[in-house]
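The values are calculated or read from the model by the stated rules, or taken from the named source; none is laboratory data. All values reported here derive from a predicted model rather than from experimental measurement. Cβ placement follows ideal geometry from the backbone for every residue including glycine, while neighbour counts extend to all protein chains displayed.
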Amino acid sequence: MKNTLRAAILTAITLASPLAMADSGAKGNDDCSVEQAFIAIPDLLVVRPVSLAGCAVGFTAFVVTSPFTAMAECVDESWNTLVKTPARFTFERDLGDFDDVK
């Protein structure tokens with residue numbers, strides 16, 4: 001019982017800490033709204049873990065296909081498509097910001 005409570009508390013802290021550290025974008029203006037907060041929560045709990053898995057799948061696909069892309073001389077394009085783009089979506093995008101998604 002004690003370990004279960006400890007795990008629940010650590011999980012809550014882990015899930016809440018990115019929300020506390022997130023840049024809300026409200027630096028002197030009133031752009032931050034309740035809708036953005038409601039978008040940030042599913043982004044943190046669903047979209048980020050799925051996109052992290054996508055990063056792993058993309059890197060694996062890059063490693064598997066790199067001999068073929070090397071023969072076609074398009075390794076850079078493959079790297080950008082399979083690894084760099086998902087990594088930017090996962091790690092560089094502001095929490096709840098889907099404006100730049102294609």
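A few notes on this one:
- Pairs where the first residue, in region 43-64, is over 11 Å from residue 84 (Cα atoms) and the second is outside any helix (DSSP H, G or I) and at pLDDT below 95, C-beta under 6 Å, 6+ apart: 43/95; 43/96
- Annotation note: of 46, 50, 57, 83, the sole residue that is crowded, with 16+ Cβ neighbours inside 10 Å and not in a loop (DSSP other than H, G, I, E, B) is 83.
- Condition met for residue 60 (at pLDDT 95 or above, in contact with a helix residue (DSSP H, G or I) (Cβ under 8 Å, 6 or more places away or on another chain) and more than 25 Å from residue 98 (Cβ to Cβ)): no
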